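Structure first, then comments.
The values are calculated or read from the model by the stated rules, or taken from the named source; none is laboratory data. Remember, it's a predicted structure, so these values are computed and weren't measured experimentally. Don't worry about glycine lacking a Cβ; one is built from the backbone with ideal geometry, like all the others, and counts go over all protein chains shown. Remember, those area values only see protein heavy atoms, side chains included, never the ligands or the DNA or RNA. Shrake-Rupley method; radii C 1.70, N 1.55, O 1.52, S 1.80 Å.
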Amino acid sequence: MKNYYFSTKKMCVGYDNKPLIKDMEIVLPRGEVLCLIGPNGAGKSTVLKSIARQLALLGGTVYLGEDDLSEMKADELAKRMSVVFTEKVKAELKSCRDMVATGRYPYTGWFGILSEEDERIVSEVMELTHITDISEKDFDRISDGQKQRVMLTRAICQEPEIVILDEPTSYLDIKYKLEFLSLLQEMREKRGLTVIMSLHELELAKIVSDKILCLKGEYVERYGTPEEIFESDFIARLFDLNEKNFAGNKKLLAYMKQIGTY
């Protein structure tokens, strides 16, 4: 485990003591991006929630460096890992800046009072993610796309070593999808940020990932580099895509070829 920042050993995940995916073995160096792909219902969110300790593991171990994640105190984990899931969050009259600032709570102590340095970090990250213009708006009254950007900003404001993201580009238009993924690349290069996320957009996963984990069925279908995953007809088999079903649509066939489905 010494050569990897994030790793799992025989990880088993599921609900109500019923295993969904077994014996997961993942290794990821610091500063790399891992994308989870697979059909709806394949278990991507379950895996991410289990890594984030929102669901209890049904077996195995998750490590950050040499530290067993299950043995880490909550405040220590909050300084090392930030999490963004797709569930809608109620802010109770908080402004967008207030929501972003909660990312600093692991560093503020019980009273949640931000220092000048905390305030500087909040402002800096909001500028990086281009949400300064909605800083004072009520979080509950902005669009879903804007909410997603605010929550992503909060995660980065936490200054984590690793960030867990479930469909982070949902609700974002193409401009903000690309800006966000560009920001992740910048954070990994400058700060060594490690990223584990699920994505539906296969073409984006192919571009931004160092490793890809493919889920379908009781065990991991395949784990490797984009070059290893997007080869031959594997993606078509993963998503049950049949070229014959699209034989009359040249544009769809061209897209399937582009993302390596046949």
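Among the residues of the stretch 86-137, count how many are more than 16 Å from THR153 (Cβ to Cβ), acidic (Asp, Glu) and either in contact with a Ser or Thr (Cβ under 8 Å, 6 or more places away or on another chain) or part of a loop (DSSP other than H, G, I, E, B) (or both).
2
Within the stretch 13-32, work out how many residues are β-branched (Val, Ile, Thr), open to solvent by less than 20 Å² (accessible area, probe 1.4 Å) and within 13 Å of ILE212 (Cα to Cα).
Here the count works out to 1.
Which of the residues belonging to the stretch 186-218 are over 14 Å from THR129 (Cβ atoms) and assigned to a helix (DSSP H, G or I)?
ARG188, GLU189, LYS190, ARG191, LEU202, GLU203, LEU204, ALA205, LYS206, ILE207, VAL208
Could you check LYS10 against (1) part of a strand (DSSP E or B); (2) crowded, with 16+ Cβ neighbours inside 10 Å and say which number it fails?
Against the list (1) part of a strand (DSSP E or B); (2) crowded, with 16+ Cβ neighbours inside 10 Å, LYS10 comes up short only on (2).
Quick one: would you say TYR176 is among the hydroxyl-bearing types (Ser, Thr, Tyr), part of a helix (DSSP H, G or I) and surrounded by fewer than 21 Cβ atoms within 10 Å (Cβ to Cβ)?
It is true that TYR176 is among the hydroxyl-bearing types (Ser, Thr, Tyr), part of a helix (DSSP H, G or I) and surrounded by fewer than 21 Cβ atoms within 10 Å (Cβ to Cβ).
Tell me which residues, restricted to the stretch 117-173, are within 18 Å of GLU201 (Cβ to Cβ), among the hydroxyl-bearing types (Ser, Thr, Tyr) and in contact with a Leu (Cβ under 9 Å, 6 or more places away or on another chain).
Correct list: THR169 only.
Any idea which of (1) under 26 Å from LEU172 (Cα atoms); (2) crowded, with 18+ Cβ neighbours inside 10 Å; (3) at pLDDT 95 or above is the one THR132 doesn't satisfy?
Every listed condition holds for THR132 apart from (2).
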